[in-house]
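Here is the structure we will look at, set down as C-alpha cells.
Nothing in this text is a laboratory measurement; each read-out follows from the coordinates by a stated rule. Just so you know, these numbers come straight off a predicted model, no measurement behind them.
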Amino acid sequence: MSAVEIGRVDLDDDWMDSGACGGLTHLFFPPPAERPQARQRREGAARRVCGECHVNVDCVDLARRHHEYGFWGGESEDERHAAGFRLIAPIGVRARSVG
Ligand code: SF4
C-alpha cells in the first residue's frame with residue numbers, strides 16, 4: 001500500500017486509481033468564468049459518474065477532510081461547505097458574489 005505525504009498527513013490514495021472519473025477531469029473542476037447553468041449541467045454529469053463509482057465513500061471522506069475544491073464523491077463544493085466542511089470560497093458563493 002502506498003501513501004502520499006501531504007504536509008504532516010499520510011494519505012492512503014490507492015483507491016484513486018479505481019475511480020470512475022478517469023479522463024473526465026472537465027466534469028469535476030470548473031472552467032474559468034463558468035455560468036451557473038453550465039455548472040449545474042457539469043455537476044449533474046459528474047454526480048451521475050460518482051453514482052456508479054465504488055470508491056465514493058473514500059472519495060467524499062478525503063474531500064471533506066482536506067477541504068478540496070471541485071466535485072468529489074458525489075458532492076459539490078457548495079454541498080461540502082454546507083455540510084460543515086468549510087471552504088474559503090465555494091463556487092456557488094463565488095458565483096453569487098459576481099453580478
Ligand atoms: S466518487 Fe466520483 S470523484 Fe470520486 S473517484 Fe469516484 S467518480 Fe471520481
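Points worth noting:
- Chain lengthening between residue 15 and residue 57 when straightened (0.36 nm per residue, less Cα-Cα): 14.1 nm
- Kirkwood-Stokes translational diffusion coefficient of the stretch 7-56, alpha-carbon pairs, 20 °C, 1.002 mPa s, µm²/s: 172
- Dividing the mean sequence gap of close Cα pairs (under 8 Å, 6+ apart) by how many residues the stretch 19-60 holds gives a relative contact order of 58 percent.
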